[in-house]
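Asks: For reference, the structure I am asking about is given below.
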Amino acid sequence: MRRSQKDNEESARRITRRALFLGGAQAAIIAALGVRLRHMQVEEADQYRLLAEENRVNIRLIPPARGLIHDRNGVIVAGNEQNYRIVIVREDAGDVEQALNHLRSLVALTDEDIDRTLREIRRRSAFVPITVAERLSWEDVARVAANAPALPGITPEVGLSRHYPFGGDYAHVVGYVGPVSENDLAQLESPDPVLQIPRFQIGKVGLETRLEDALRGKAGSRRIEVNAVGRMMRELDRQEGEPGASVQLTIDDRLQNFVQARLGLESAACVVMDVDTGDLLAISSSPSFDPNLFVRGIGVADYRALMDNDHRPLANKTVQGAYPPGSTFKMVTALAALEAGLVGLNDTVYCPGHMDVAGRRFHCWKRGGHGRVALVAALAESCDVYFYDIAQRCGIDRIAEMSYRLGLGQRHDLPMSAISEGLNPNRQWKRERHGQEWRVGDTVNASIGQGYVLSTPLQLAVMTARLASGRSVSPRLVRAINGVEEPIHAGSDLGLNPEFLREIRRGMAATVNSQRGTAYSSRVEDPAMRLAGKTGTSQVRNITAAERARGVVRNEQLPWNRRDHALFVGYAPAEAPRIAVSVVVEHGMGGSTAAAPIGRDVALFALNEGLPPLSAYPASQRTRIENERRELVLRLPETAQSGQTRA
């Protein structure tokens with residue numbers, strides 16, 4: 001049936017409308033696509049280019065070189081050494097366990113290495129490089145590099161690791177570094193991104209941790225191109241970071257080494273301080289340990305040996321050890337009484353060998369007594385009864401005030417770990433701490449550095465420097481950071497009566513140089529290096545009346561850890577002081593026999609800038625000193641023997 005002209009025209013109109021509608025829809029879609037393509041290709045081009053590049057470009061942090069630590073003469077005491085290591089990136093490695101097993105056929109890896117790596121991989125983001133092994137030989141690294149196509153995500157690298165060239169000499173001062181732990185990160189509000197790098201090393205103790213921010217530096221970064229299996233093809237660009245600050249200590253490396261060698265295997269501490277500036281020239285705790293063990297990851301056996309040692313090698317006795325100062329405290333008691341006007345320079349006290357106070361008998365170290373003594377003789381001969389007497393006149397509060405004035409009972413501001421403030425007791429302290437009133441017997445005990453009084457070797461060195469200089473000199477350990485000098489702590493005048501100070505110094509000089517002085521056997525023959533000082537012996541146990549009645553057991557007959565501590569403080573030269581020395585020998589039994597000889601040797605080495613001539617010692621001792629020196633020299637480098645700087 002034929003369609004009419006009218007029907008054909010109507011059909012054409014419908015087709016036209018549909019075509020126009022479809023054409024418009026197509027045009028709208030094309031226009032939308034065009035707008036979208038323009039948006040993606042022009043307006044968001046940088047973002048999509050970055051997303052595309054991330055499929056083949058990785059950005060990795062470059063750990064900064066840790067700052068070097070030098071002694072006062074420029075000798076490096078904490079440096080960095082090359083460290084060849086192997087790292088793995090999880091997102092590039094694919095099957096991690098298969099990759100590690102393949103690596104194990106090329107490099108000696110223990111089960112512990114594999115387990116540790118897998119634990120780190122599970123804890124870290126997929127793009128973070130994990131250290132599989134470090135401190136490898138060049139041959140190991142070469143084998144891994146040669147097999148690179150078969151080791152996706154595994155890359156050999158060369159970095160820096162901390163190294164302490166002089167082992168235990170600086171272990172208690174500088175401390176050591178170790179890998180960042182979860183505990184380290186938890187203590188920081190906004191951790192530096194570089195700390196997220198597995199096994200990145202930060203300071204753990206000592207100066208390394210106290211100056212961590214300065215020593216760490218700032219990380220750099222590098223962009224590397226990788227292929228489809230994650231193998232690095234080339235480095236696109238690199239932005240270097242900033243190395244850590246260079247730190248110069250006040251320590252003299254030669255003296256530090258000598259002091260450490262002179263202390264030997266004793267459980268002891270020694271501090272040498274510049275009287276004028278407060279610079280710490282040596283600060284040694286014995287026995288020591290090798291901090292490199294902790295950098296490399298100390299083994300269980302080595303750590304247990306350090307922990308089980310009753311001489312406590314991990315403890316820094318110079319600032320952490322708080323000991324009864326014994327008779328080295330007697331200068332404090334004397335100055336407190338003199339400044340209060342309660343005793344005169346020529347006043348005497350009769351010592352029959354004991355004093356009865358409040359129904360209790362307090363004994364002098366010399367059972368037969370010293371007879372009638374004044375200040376200088378009381379110091380030289382260390383008469384306890386003299387100080388019992390004058391302490392009761394001035395009271396504990398004046399003694400505590402003078403003690404603080406001379407640097408005891410306070411935490412000195414040094415970049416070292418766990419610095420003790422010791423104990424400087426008074427009436428208020430006992431009331432608050434023990435809920436008891438102070439008794440006169442407490443004052444008598446405190447007058448000779450016993451009872452509640454506790455001091456560190458560092459504080460005793462500060463006290464001695466203040467007595468020698470008359471100024472409030474304070475210790476300084478860091479001399480400069482990045483070449484910028486740190487403030488010197490020479491201090492101001494203590495405001496003490498010069499006549500009283502002169503008399504105290506006379507007593508300290510007589511202690512070493514008069515025949516009745518307790519340190520006479522440690523005298524120095526050379527007038528230019530004459531020593532002044534004070535010995536001390538502090539009890540670590542109470543001697544009961546019953547024990548005294550049947551005869552006090554000699555120290556030599558007691559177990560080591562129940563023997564008395566031996567102490568010595570001194571300065572030299574006596575007429576024009578330059579250095580102050582403090583020595584504590586734990587359970588050394590006698591200050592005059594154990595501590596004073598060490599103090600003399602250290603003072604002579606410091607003044608002579610090397611081993612002193614034998615003529616500095618009394619003629620009767622020179623043969624013995626020469627024999628002892630032969631053994632000591634074996635523990636000294638040639639530079640310390642000759643007075644030259646170690647390289």
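The values are calculated or read from the model by the stated rules, or taken from the named source; none is laboratory data. Computed from a prediction, not measured in an experiment: that's the story for all the values here. Neighbour counts are summed over all protein chains in view; Cβ atoms, including those assigned to glycine, are modelled from backbone coordinates with ideal geometry.
Asks: Residues that are of a type in the set (G, A, S) and touching a residue at least 24 places away in the same chain (Cβ under 8 Å): find the strands (runs of 3 or more DSSP E) completely inside the stretch 238-303 holding 3 or more of those.
Replies: The qualifying strands (runs of 3 or more DSSP E) are 280-286.
Asks: Moving on to the next point. Are any of the residues in the stretch 196-212 under 15 Å from the mean Cα position of the chain (by Cα) and among the small types (G, A, S)?
Replies: Checked the stretch 196-212: at least one residue is under 15 Å from the mean Cα position of the chain (by Cα) and among the small types (G, A, S).
Asks: Next question, about the same structure. Of all residues in the stretch 491-504, which are under 33 Å from the mean Cα position of the chain (by Cα) and either buried (at least 16 other Cβ atoms within 10 Å of the Cβ) or of a type in the set (D, E, K, R) (or both)? Spell out how you get there, then give the answer.
Replies: The initial filter retains those residues of the stretch 491-504 that are under 33 Å from the mean Cα position of the chain (by Cα), namely 491-494.
Result: G491, D493, L494.
Asks: Would you check which residues across the stretch 77-124 are touching a residue at least 60 places away in the same chain (Cβ under 8 Å) and over 30 Å from Y170 (Cβ atoms) and list them?
Replies: I86, V87, I88, V89, R90, E91, D92, A93, G94, E120, R124
Asks: Would you mind stating whether A126 is assigned to a helix (DSSP H, G or I) and either surrounded by fewer than 21 Cβ atoms within 10 Å (Cβ to Cβ) or not assigned by TED's automatic domain parsing to the domain that holds F289 (or both)?
Replies: When the stated conditions are applied, A126 does not pass them.
For every residue, the table says whether it meets (1) crowded, with 21+ Cβ neighbours inside 10 Å; (2) in contact with a helix residue (DSSP H, G or I) (Cβ under 6 Å, 6 or more places away or on another chain); (3) farther than 23 Å from H412 by Cα.
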{"position": "R254", "(1), (2), (3)": "yes, yes, yes"}
{"position": "M273", "(1), (2), (3)": "yes, yes, no"}
{"position": "S284", "(1), (2), (3)": "yes, yes, no"}
{"position": "P291", "(1), (2), (3)": "yes, yes, yes"}
{"position": "R304", "(1), (2), (3)": "no, no, yes"}
{"position": "M307", "(1), (2), (3)": "no, no, yes"}
{"position": "H311", "(1), (2), (3)": "no, no, yes"}
{"position": "G326", "(1), (2), (3)": "yes, no, no"}
{"position": "K330", "(1), (2), (3)": "yes, yes, no"}
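Asks: Here's something else I'd like to know. Which of the residues that make up the stretch 409-456 are among the small types (G, A, S) and either outside any loop (DSSP other than H, G, I, E, B) or closer than 22 Å to M355 by Cα (or both)? Full working, then the answer.
Replies: First pass over the stretch 409-456, keeping only residues among the small types (G, A, S): 409, 417-418, 420, 422, 435, 441, 446-447, 449, 451, 455.
Within the stretch 409-456, G441, A446, S447, G449, G451, S455 qualify.
Asks: Exactly one of (1) in contact with a Ser or Thr (Cβ under 7 Å, 6 or more places away or on another chain); (2) assigned to a loop (DSSP other than H, G, I, E, B); (3) hydrophobic (A, V, I, L, M, F, W, C) is unmet by A171. Its number?
Replies: Checking A171 against (1) in contact with a Ser or Thr (Cβ under 7 Å, 6 or more places away or on another chain); (2) assigned to a loop (DSSP other than H, G, I, E, B); (3) hydrophobic (A, V, I, L, M, F, W, C), the one that fails is (2).
Asks: Test C351 against the stated conditions and say whether it is surrounded by 20 or more Cβ atoms within 10 Å (Cβ to Cβ), in the same structural domain as S447 (by TED's automatic domain parsing), in contact with a Cys (Cβ under 6 Å, 6 or more places away or on another chain) and hydrophobic (A, V, I, L, M, F, W, C). Give the derivation first.
Replies: On the way: surrounded by 20 or more Cβ atoms within 10 Å (Cβ to Cβ): yes; in the same structural domain as S447 (by TED's automatic domain parsing): yes; in contact with a Cys (Cβ under 6 Å, 6 or more places away or on another chain): yes; hydrophobic (A, V, I, L, M, F, W, C): yes.
Answer is yes for this residue.
Asks: On the given criteria, is V376 among the hydrophobic types (A, V, I, L, M, F, W, C), part of a helix (DSSP H, G or I) and in contact with a strand residue (DSSP E or B) (Cβ under 7 Å, 6 or more places away or on another chain)?
Replies: Criteria not met by V376.
Asks: Just need a number here: residues in the stretch 174-201 that are touching an Asp or Glu at 6+ places or on another chain (Cβ under 7 Å), hydrophobic (A, V, I, L, M, F, W, C) and either surrounded by fewer than 20 Cβ atoms within 10 Å (Cβ to Cβ) or not in a strand (DSSP E or B) (or both).
Replies: 1
Asks: Can you tell me which residue is farthest from the chain's Cα centre (by Cα) among those in the stretch 307-327 that are among the small types (G, A, S) and outside any helix (DSSP H, G or I)?
Replies: So, considering only residues that are among the small types (G, A, S) and outside any helix (DSSP H, G or I), the one farthest from the chain's Cα centre (by Cα) is A322.
Asks: Does the stretch 197-217 include one or more residues that are within 19 Å of S417 (Cα to Cα) and at pLDDT below 85?
Replies: no
Asks: Also: So which residues in the stretch 416-449 are buried (at least 21 other Cβ atoms within 10 Å of the Cβ) and within 32 Å of the chain's Cα centre (by Cα)?
Replies: Answer for the stretch 416-449, where residues must be buried (at least 21 other Cβ atoms within 10 Å of the Cβ) and within 32 Å of the chain's Cα centre (by Cα): M416, G422, N424, P425, N426, A446, I448, G449.
Asks: Shifting gears a bit: Would it be correct to say that L345 is in contact with a helix residue (DSSP H, G or I) (Cβ under 6 Å, 6 or more places away or on another chain), in contact (Cβ under 8 Å) with a residue 12 or more places away in the chain and hydrophobic (A, V, I, L, M, F, W, C)?
Replies: So L345 fits the description; yes.
Asks: If F387 meets every condition in (1) in a strand (DSSP E or B); (2) buried (at least 21 other Cβ atoms within 10 Å of the Cβ) apart from one, which number is that one?
Replies: That leaves (1) as the condition not met.
Residues are listed down the side, and each one gets a yes or a no for (1) in contact with a Ser or Thr (Cβ under 7 Å, 6 or more places away or on another chain); (2) among the acidic types (D, E):
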{"residue": "D290", "(1), (2)": "no, yes"}
{"residue": "A322", "(1), (2)": "yes, no"}
{"residue": "G326", "(1), (2)": "yes, no"}
{"residue": "A358", "(1), (2)": "no, no"}
{"residue": "C383", "(1), (2)": "no, no"}
{"residue": "Y388", "(1), (2)": "yes, no"}
